[in-house]
Amino acid sequence: MKKLAIYLSVIVVLFGALFVINQQSNKAKYSKYENNVYGIAPQKLHPETLKQLDDPNYQNIILPDALDQKLEKKESFFLYYFASTCSHCKATTPVLMPVAQSLAVDIKQFNLEEFKNGWDRYKIDATPTLIYYKDGVEVERLIGGQDEAAIKAFLTKHKA
């Protein structure tokens, strides 16, 4: 009986040590993302969103409150709705953002993976979706993966 108690004690201590090590590892892993653009604790972000935090193509994120303010103020702007888990978005974004930069067009990005209520709220059926809002009202949208020529034509058509 004494041996059983010793074995159980050793097992409990080992599991406790593993727990502490895991917690420290997670803390170190997420510490560089504490002040991310989403304003969400990194542990609560989707793993695919975490991967994009350092990607230069995903640095113009707009949050729901800021988007609602732009719409209420009747501003004109481009908005790119994407999901960090969407394979079509992962293919389109590296084409879209350099084209926008070359045309000096500011495109805000809204991550529907993190703000799921945006699907209904902004009437998005598929990702990626690029929308041009004029005076806070949607004028036109480009849905799905697009090539450089289509993106350039869309941005040029609505560029002020």
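At-a-glance table
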quantity: The chain, dipole about Cα centre (Lys/Arg Cβ +1, Asp/Glu Cβ -1), debye to the nearest 20; calculated: 620 debye
quantity: Which listed pairs, of Lys70/Lys108; Lys108/Lys134; Lys32/Lys108; Lys123/Lys157, have C-alpha distances above 18 Å, in listed order; calculated: Lys32/Lys108; Lys123/Lys157
quantity: By accessible area with a 1.4 Å probe, ligands and nucleic acids excluded, highest first: order of Asp68, Asp106, Asp125; calculated: Asp125, Asp106, Asp68
quantity: Environment charge of Glu140, counting only residues whose C-beta is closer than 13 Å and scoring Lys/Arg +1, Asp/Glu -1; calculated: +3
quantity: Over the chain: Rg over Rh, Cα atoms, Kirkwood Rh; calculated: 1.22
quantity: Net length gained if the chain between Lys134 and Tyr7 were fully extended (0.36 nm per residue, minus Cα distance); calculated: 38.7 nm
quantity: Beta bridges by DSSP in the chain, antiparallel share as percent, to the nearest 5; calculated: 65 percent
quantity: Protection proxy ranking of 147-154, 129-136 - average other beta-carbon atoms within 10 Å, highest first; calculated: 129-136, 147-154
quantity: Residues in the stretch 70-94 that a label on His46 would reach, taking backbone N under 17 Å of a point 7 Å out along Cα→Cβ; calculated: 80-94
quantity: ³J(HN,Hα) computed for each position of the stretch 137-146 - Karplus, 6.51 cos²θ - 1.76 cosθ + 1.60, integer Hz, glycine/proline x; calculated: 10, 5, 9, 7, 9, 10, 10, x, x, 10
quantity: Burial order of peptide ranges 53-65, 92-104 (average beta-carbon count within 10 Å, highest first); calculated: 92-104, 53-65
quantity: Packing rank of 1-10, 43-52, 75-84, where each peptide gets the mean count of other beta carbons within 10 Å, highest leading; calculated: 75-84, 43-52, 1-10
quantity: Accessible area of the chain divided out per residue, in Å², using a probe of 1.4 angstrom; calculated: 61 Å²
quantity: Lys/Arg +1, Asp/Glu -1 at C-beta; the chain dipole; positive extreme among Val37, Leu155, Thr92; calculated: Val37
quantity: The chain - percent of accessible surface contributed by carbon and sulfur, probe 1.4 Å; calculated: 58 percent
quantity: Angle in degrees between helix 87-102 and the longest Cα principal axis of the chain, rounded to the nearest 10; calculated: 50 degrees
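The values are calculated or read from the model by the stated rules, or taken from the named source; none is laboratory data. Note that the structure is a prediction, hence the values are computed from the model and not measured. Don't worry about glycine lacking a Cβ; one is built from the backbone with ideal geometry, like all the others, and counts go over all protein chains shown. We work out accessible area using only protein heavy atoms, side chains counted, and drop any ligands, DNA or RNA first. Shrake-Rupley method; radii C 1.70, N 1.55, O 1.52, S 1.80 Å.
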